[in-house]
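A short reminder: the numbers here are calculations on the coordinates, not readings from a lab. Please read these numbers as outputs of a predicted model, since none were measured by experiment. Virtual Cβ from ideal backbone geometry, glycine too; neighbours counted across all protein chains shown.
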Amino acid sequence: MYLQKKLQKLLKPLVQPFFAVLIGIITGAVAIAIVGEPILDTYIVMWNGAFGNFYFLTSTLARATPILLVGLGVALAFRAGVFNLGGEGQMVLGAVSAALAALYFPGPPAVKLVAALIAGMLAGGLWALLAGWMESRFKVQLLISTLLMNYVAILFASYLVAEPFQDRSGSAALAQTPMIEQGAWLPKLFTGMSVHMGFVIAVFCALLLVIILRFTTSGYEVKMLGLNPFFAEYGGVNKVKVLLLSMFFSGALAGLAGTVEVLGTQYRYVDGFLTAPGFAWTGLMAALLANSNPLGTAVAAILLAALQTGAMGMERNTEVPLEVASVIQAVLILFVSAKFTINWWKLRKKEGDVSGTV
Amino acid sequence: MELFDYSLFVSAIRMVSPILLAALGGALCARVGIFNVGLEGLILAGAFSAIVGNHFTENIFLAVLSGVAMSVVVSLVFGVATIHLKSNPIVAGIAINFLMLGLTTFALRAIFDVKGAYYDKDMAGLPKVHIPFLEDIPVIGKLISGHSPLVYVAFIAAVVLYIFLYRTVTGFRLLAVGKNPAAARSLGLKVTTLQYGAVILSGVLCGLAGAQLSLGQVTMFTEGMTAGRGFIALVATMLGQSHPIGIIGSSMLFGLMDALSIRLQGFSMPTQFTAMLPYVITILAMFFLKDRGTDSLAGQQSSR
C-alpha cells in the first residue's frame, strides 16, 4: 500500500502532461488525415526525422538549445509570478549585441567571445529590466508591455543590420552583419554535427537554476513572491528588488539564447533568423508545459525541438506540411492550461450538488 | 507630401475599425471578469476564415459570416477553457493565440497550398458605402462616407454596446457579474451563461475585426497578419476603461498611429522606425492607464 501511494504521488504530476500529449497526438493525427496521408507512417517518418540517426539527434539538440535557454528565462519569471512574453525581443537584442561585440570588441578572439557572451546577456537582461521597472514603478502591465516591446526590439535590430552594420563585403546586400572571426566561435561538440557548446551552456544553466531555486535564499524569495506576493511582502521580501532581479536574469537567459545561436550556428546576426523559427515562443511553451520546473523545461524543450525537426523530416518525405507541429504544440498548451484531467475529476465528484452554492 | 493632411484622417478611420471592434470584444469580457488575452487569435481566425469563405462562396456577406462563425467557435473554446475548466485566462488566451497562428498557417498550406500569404486578384473585397447626402458635404463628407460597411458597424457597435450595458437589464446584470460574481450568483443571476454570452459576443466582434483586416483594404491573408493588433486592442480596452465611448477615443488614437506609421514611410525615414510607432505609442499610453486592471503580481497567482 505504501509503495502504491508513493507511486501515485510520483505519477500524479505526469498525468496532466500525459493527457495533453495524447490529445496533441490525436490532433496531429486528425490534421494528417485531413491532408490525406497514412497517420502511423507519417508519425514514424516524424520520429526518424527527430531521432532517426546521430545526425538528426544532434540537429534536434542544436534546435533545442535556444528554446531551452529562453524557456528557462520564462520559467524564472513565472516563478516570480510574472508573465514575460518578451523572450523574442530580449533574444534578438541579445543576439545582435553579441554579434556586434564579437565583431568590434578589441582583443584576441577569446576575449571577443567572452565579450560577446556578456554583451548578449546584458542586452537581453536590460531590455527585460526596463519592462520590470515599468511594472514596479508605474504599474505598466508586464504581460502586455513585454509583448509590445518585442516588436520594437525586432524592428530596431532589423534596422541595425540593414543600415549601419550591414555586411557590404558580399555581392548580395542581405540584412546581416559581417561574419565573426573563427576564433570567437563556440566550438561544435562533434565535428560535422550542428550541436555546439551552447547546448552544454544551456544544460548547465538549467542545473544552476534548479540549485538557485531550491537551495538559496534568493531562490526561495523568488518562489515566495510568485506563490503569494502579499505573504512575501509580509515576510520581509523586497518585492521590487526580487521582481527586478528575476526579470533581469529572465531577459539575460533569453539574450544568452540569441547569443549562442549567433556564436554557435550562424556566426553573424541575420535579420529574422531567430524570429522565423519561433524559438522564443517554443521556449515559452516548454516552460508552460513543464510548469516552470527548470529540469522539466529542459526535457520539454528537447521534446518540442524534436517535434519541429521531426516535422521538417516529415515535410521532406511526405505531403504533410510542417505546420502540423505548431498545431500540435498549441493544443498541448491549451490542454495543459485547462488542467483537463484534474477538473474532470472534480466535476465528477461534484455532480450531485453542482446547481447549488459554488 | 505633407505629414498631416486630409487623407491621413480618412485612412485613420479605416484603421480604427479592427482595433475598435476587438477592443469592444475585450471590454465585454473584462466586464464579466475575464481578461481576454486571446483577442489576437480570435481576430486571426476571423481574418483567415473570411478569406476562405470569400474564396469558396464568392459572396462577400457569406465571407464575413464565415469569419464571424469561426471566431465564435474559437471564442467558445476559450470560454470552455476559462469558465468551465477554470484554467488561467492568460495561459488559455496565449494558447488560443498560438493555436490560431499554427492552424491558420497549416490551413493556408492545406487549403491554398501557399506559404506566407494568400492573394487572389479575382477576389472581391468589402464594398465601399457611399452615403447619399452626407457625401456631398465639403469637408466631413469624405471623412464619413466611402468606407467599408464594417467601419460603420464598428462605430455603431460601440454605441449599441453602450446602450446595452448602461440602459438594459441584461447589461446591468452583466456588469454585476464582473463587479462581484458571488453576489451576482446569490441574486439568482446565471453567471456562467452571462459569461459565455460575453465571450461569444467578443468572438463575433473579433470575427468582424478580422474580416475588416483581410477584406477591408487589400483582399489578402498573410501569416500572423494581426501583428500584435489584438494586444493593442487590449490596451485600448484598458485605456478606455472598458467603457464603449472611452474605447472609441482610445482606438481612434491607435488607429491614427497606424495610419501615421504608414504615412511616414513616404518620408526619408527608415521603415523600421516608422513601423515601431504604433507599438511605442501603445507602451507610452499604458503609463496613463487609470484602471490598471489587475496588478500582474497579484492577478496571476494561479498561473503555476
>> Sequence gap at least 6, Cα distance under 8 Å: using those rules, report the relative contact order of chain B to the nearest whole percent.
In response: 35 percent
> Roughly how many debye, to the nearest 20, is the charge dipole of the stretch A:19-157 about its Cα centre, given +1 on each Lys and Arg Cβ, -1 on each Asp and Glu Cβ, and no other charges?
Replying inline: 460 debye
> For residue A:216 and residue B:73, what is the calculated FRET efficiency with R₀ set at 51 Å and r taken between the beta-carbons, to the nearest 0.05?
Replying inline: 0.60
> From the residues A:138, A:222, B:216, which one has its Cα farthest along the dipole of the protein assembly as shown in the positive direction, the dipole being from +1 and -1 charges on Cβ of Lys/Arg and Asp/Glu about the Cα centre?
Replying inline: A:222
>> For a Förster distance of 25 Å, can you work out the FRET efficiency between the beta-carbons of residue B:269 and residue A:111, rounded to the nearest 0.05?
In response: 0.10
>> What percent of all Cα-Cα pairs in the stretch B:157-214 falls into each 5 Å bin, going from 0 up to the bin containing the maximum distance?
In response: 4, 18, 23, 23, 15, 9, 5, 2, 1
>> Which one, A:246, B:161, B:57, projects farthest toward the positive side of the charge dipole computed for the protein assembly as shown from Cβ point charges (K/R +1, D/E -1)?
In response: A:246
> Which residue fluctuates the most in chain B, going by a Gaussian network model with Cα springs under 10 Å, if the choices are B:43, B:90, B:163?
Replying inline: B:163
> What span do the alpha-carbon atoms of the stretch A:166-263 cover on each of the three principal axes, reported in whole Å from largest to smallest?
Replying inline: 63, 31, 18
> Mean Kyte-Doolittle of at least -1.0 and a Cα length of 27 Å or more along the axis: which whole DSSP H helices of chain B meet both?
Replying inline: B:6-31, B:60-79, B:191-215, B:244-263
> Over chain A, what relative contact order in percent results from Cα pairs under 8 Å that are six or more residues apart?
Replying inline: 34 percent
>> Give me the count of lysine pairs in chain A whose alpha carbons sit under 27 angstrom apart, restricted to pairs 8 or more positions apart or on different chains.
In response: 28
> Once a ≥ b ≥ c are taken as the square roots of the eigenvalues of the Cα gyration tensor of the protein assembly as shown, is the result rounded (a/c under 1.5), prolate (a/b larger than b/c) or oblate (a/b not larger than b/c)?
Replying inline: rounded
>> Connecting C-alpha atoms closer than 10 Å in a GNM of chain B, tell me which of B:245, B:96, B:131 has the biggest fluctuation.
In response: B:131
>> I want the local charge near residue A:242. Using Cβ-Cβ distances under 12 Å, sum +1 for each Lys or Arg and -1 for each Asp or Glu among the other residues.
In response: +2
>> With just the Cα atoms defining each centre, how far is the stretch A:166-238 from the stretch B:168-226? Give it in Å.
In response: 39 Å
>> Just to be sure I understand the rule: take each whole DSSP H helix in chain A, project its Cα atoms onto its long axis, keep it if the span is 24 Å or more and its mean Kyte-Doolittle hydropathy is at least -1.0. Which ones pass?
In response: A:2-35, A:54-79, A:87-104, A:109-138, A:142-162, A:197-215, A:239-261, A:294-317
> Under the classification rounded if a/c is under 1.5, otherwise prolate if a/b is larger than b/c and oblate if not, where does the stretch B:1-106 fall, given a ≥ b ≥ c as square roots of the Cα gyration tensor eigenvalues?
Replying inline: oblate
> At what distance in angstrom do the alpha carbon centres of the stretch B:71-147 and the stretch B:239-285 lie from each other?
Replying inline: 19 Å
> Which one of B:85, B:200, B:99 has its Cα pushed farthest toward the positive end of the charge dipole of chain B, where Lys and Arg give +1 and Asp and Glu give -1 at the Cβ?
Replying inline: B:85
> Dipole size in debye (nearest 20) for the stretch A:169-246 around its Cα centre, Lys and Arg Cβ +1, Asp and Glu Cβ -1?
Replying inline: 160 debye
>> If the elastic network links every pair of Cα atoms under 10 Å, which of A:110, A:276, A:123 fluctuates the most in the Gaussian network model of chain A?
In response: A:276
>> Explain nothing, just the number: relative contact order of the stretch B:1-73, from Cα pairs under 8 Å at least 6 residues apart, as a whole percent.
In response: 21 percent
> What is the magnitude of the charge dipole of the protein assembly as shown about its Cα centre, with +1 placed on the Cβ of each Lys and Arg, -1 on the Cβ of each Asp and Glu, and no other charges, expressed in debye to the nearest 20?
Replying inline: 2400 debye
> Lysine pairs, Cα distance under 30 Å, 8 or more residues apart or cross-chain: how many in chain B?
Replying inline: 8
